[in-house]
1. How big is D for the range 11-158, in µm² s⁻¹ as a whole number, if Stokes-Einstein is applied with the Kirkwood radius of its Cα pairs at 4 °C and 1.567 mPa s?
2. Enter the accessible area of Glu126 (Å², nearest 10), with the probe set to 1.4 Å and all protein chains included.
3. So what is the calculated 222 nm ellipticity per residue for the chain, using -39500 (n - 2.57) for each DSSP H run with n of 4 or more, over all residues, to the nearest 500 deg cm²/dmol?
4. Out of every Cα-Cα pair in the range 36-98, what percent are more than 14 Å apart?
5. Which one of Thr132, Thr23, Thr122 has the biggest mean-square fluctuation once the chain is modelled by GNM with Cα springs under 10 Å?
6. Taking springs between alpha-carbon atoms closer than 10 angstrom, which of Thr102, Thr93, Thr49 fluctuates most in the Gaussian network model of the chain?
7. If you take the C-alpha gyration tensor of the range 82-158, multiply each eigenvalue by 5 and take the square root, what semi-axes do you get, largest first, in whole Å?
8. Can you compute the modelled spin-label distance between Phe55 and Tyr32, with each label point 7 Å from Cα toward Cβ, in nm?
Amino acid sequence: MDQEFMKEKPVMPLVISMALPMTFSMLVNALYNIIDSYFVAQVSQNALTAVSLAFPIQNLLVAFGVGTGVGVSSLISRRLGERDQEAADNAATHGIILSAITYVVFAVFGAIVARPFTALYTQDAEVLSMGTTYITIVTVASFGFFFAAVIEKMLQAT
């Protein structure tokens, strides 16, 4: 039934119905970052600088989490389309394991490399301290994000 729906419905309503939710999601994400920056700037300029230094790390974290989820989702969808439940189950299992490995890599990075990374961009002791703390918290506490991203995409694949 879903395949017939996609074949027979006009293209523009399909594009709009698929693009609007994604566009809204990206808008909310962008607003979240802007509002977050606004409130952090109320604390101090150094706090905003520290959070800004963590931004590339956060983007990498999101890219790896969502990228893994999308890849696993694609593989599961193809295996389910082939009616190969065992391969789909294997893909899901490997997706969870890959999420765990990715989390460990980011947690270790956050615990070990956060200070040298932050020191590349600032000599200010307060910014260095806040940036190191923030990057460590973001990376070490990201386990929920990695698993949520993969599991959400796995559910979408089914």
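The values are calculated or read from the model by the stated rules, or taken from the named source; none is laboratory data. Everything numeric here is computed off the predicted structure, so don't read it as measured data. Here Cβ is always computed from backbone atoms with ideal geometry, including for glycine, and neighbour counts include all displayed protein chains. Side chains included, ligands, DNA and RNA excluded: accessible areas come from the protein's heavy atoms. Shrake-Rupley method; radii C 1.70, N 1.55, O 1.52, S 1.80 Å.
1. After rounding, the answer is 75 µm²/s.
2. 90
3. Details: 7 runs with 142 residues, N = 158.
Counting only the DSSP helices, I get -31000 deg cm²/dmol.
4. Details: 1298 of 1953 pairs.
In whole percent, the long-distance tail amounts to 66.
5. The residue that fluctuates most here is Thr23.
6. The residue that fluctuates most here is Thr93.
7. 37, 10, 8
8. So the label points at Phe55 and Tyr32 sit 1.6 nm apart.
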